[in-house]
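Right, one structure below, let's go through it.
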Amino acid sequence: MRMQGTVAGRRPVAPPLARVRRLGGMLGLAIDAGRALLRPPFAWRREFVLHCAFILRAAFLPIAVSVAAWGFAGPGLQAGNFLVTFGSIDRAGGFMVVAIVREFGTFVTASVVAGVVGTAITSELGARRVRGELDALRVLGVDPVGSIVAPRILALALMMMLLDAFALLFGVAGGYVASVGVLGGTTGGFLGSFFSNTTFLDLAASVLKVGIFGVLIGVICGYKGLTASGGPAGVGRAVNEAVVGCLVAVFLVNLLYTQWFLAEFPQVGVFR
């Protein structure tokens with residue numbers, strides 16, 4: 001890929017056309033993967049099951065620890081101290097719905113999976129690409145997108161939904177320990193406020209958003225791996241670009257999704 005232009009002696013900047021081509025390539029990859037998943041005889045099933053197990057094994061503990069620690073220190077202690085000032089510590093449970101269920105639980109799940117699983121996908125595909133294994137598969141009549149990338153995208157989408165449920169559980173538990181165990185709130189007050197403000201709509205929106213994040217991570221990391229070049233150094237660059245691209249995409253989609261969700265369902269903004 002040709003690079004043109006420099007900025008104050010820094011590394012060359014990719015032309016806008018190259019960015020448009022990359023976005024088009026990712027969109028094409030997503031469409032091809034969707035077609036492969038719907039096309040019999042579904043030879044991707046074994047790869048899908050193996051990668052589901054890998055995602056759970058690799059990401060469960062980091063997500064549980066990260067969300068629980070943030071739920072304790074962020075909305076638990078920081079917001080809890082604010083509520084203590086007004087004598088409303090028992091309302092901390094309701095704040096967990098906004099902080100954990102709607103936002104941070106989903107973002108941490110996506111960030112951890114992008115860093116742990118996404119990098120593994122990119123490095124694996126990139127290594128196969130630079131060694132010529134993907135070209136060999138095509139010569140043998142095996143489509144790398146259908147046999148390797150598509151089942152990983154599906155596994156990411158579904159397993160991230162499951163991991164999000166655990167993330168919400170551990171995040172709220174961390175906030176509970178801070179609010180009740182440290183700041184002196186009551187269990188009844190915390191749970192009453194939490195369930196008064198939690199609806200099925202909140203849970204469904206959280207799980208759906210994480211599923212979208214899973215598709216984004218799978219497509220971006222798959223594309224970066226399939227297009228890696230330049231030997232081991234090129235694979236390393238592809239991994240770095242994949243992680244950055246995933247985080248930027250997750251941030252932008254989260255922004256748009258939250259704006260749509262609050263506009264479409266304004267009742268969720270009422271604190272009970």
Practice problem: Can you put CYS52, CYS221, CYS246 in order of Cβ neighbours within 10 angstrom, beginning with the fewest? | Solution: CYS52, CYS246, CYS221
Self-check item: Estimated D of the stretch 1-146 in µm² per second, where Rh is the Kirkwood radius over Cα pairs and Stokes-Einstein applies at 4 °C, 1.567 mPa s
Solution: 65 µm²/s
Exercise. Could you please rank MET26, MET96, placing first whichever residue has the fewest other Cβ atoms within 10 Å of its Cβ?
Key: MET26, MET96
Quiz item: For the chain, what does -39500 (n - 2.57) per DSSP helix run (n ≥ 4), summed and divided by total residues, give at 222 nm, in deg cm²/dmol to the nearest 500?
Solution: -23500 deg cm²/dmol
Exercise. Anything in the chain that counts as a DSSP H helix reaching 24 Å or more along its axis (C-alpha) with Kyte-Doolittle mean of at least 0.5? List them, would you?
Key: 16-38, 45-71, 150-176, 200-226, 231-264
Quiz prompt | Principal axis dimensions, largest first and in whole angstrom, of the stretch 177-272 by Cα | solution = 59, 36, 16
Practice problem: Once you have the Kirkwood Rh of the stretch 59-258 from its Cα pairs, apply Stokes-Einstein at 25 °C and 0.890 mPa s and quote D in µm²/s. | Solution: 136 µm²/s
Self-check item: GLU264-ARG237 pseudo-label distance in nm [points 7 Å out on the Cα-to-Cβ vector]
Solution: 3.9 nm
Self-check item: Contour minus Cα-Cα distance for LEU191 and ASP135 (0.36 nm per residue)
Solution: 14.5 nm
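Bear in mind that the values in this text are calculations on the coordinates, not laboratory data. Just so it is clear, the model here is predicted, and its values are computed rather than measured. Neighbour counts are summed over all protein chains in view; Cβ atoms, including those assigned to glycine, are modelled from backbone coordinates with ideal geometry.
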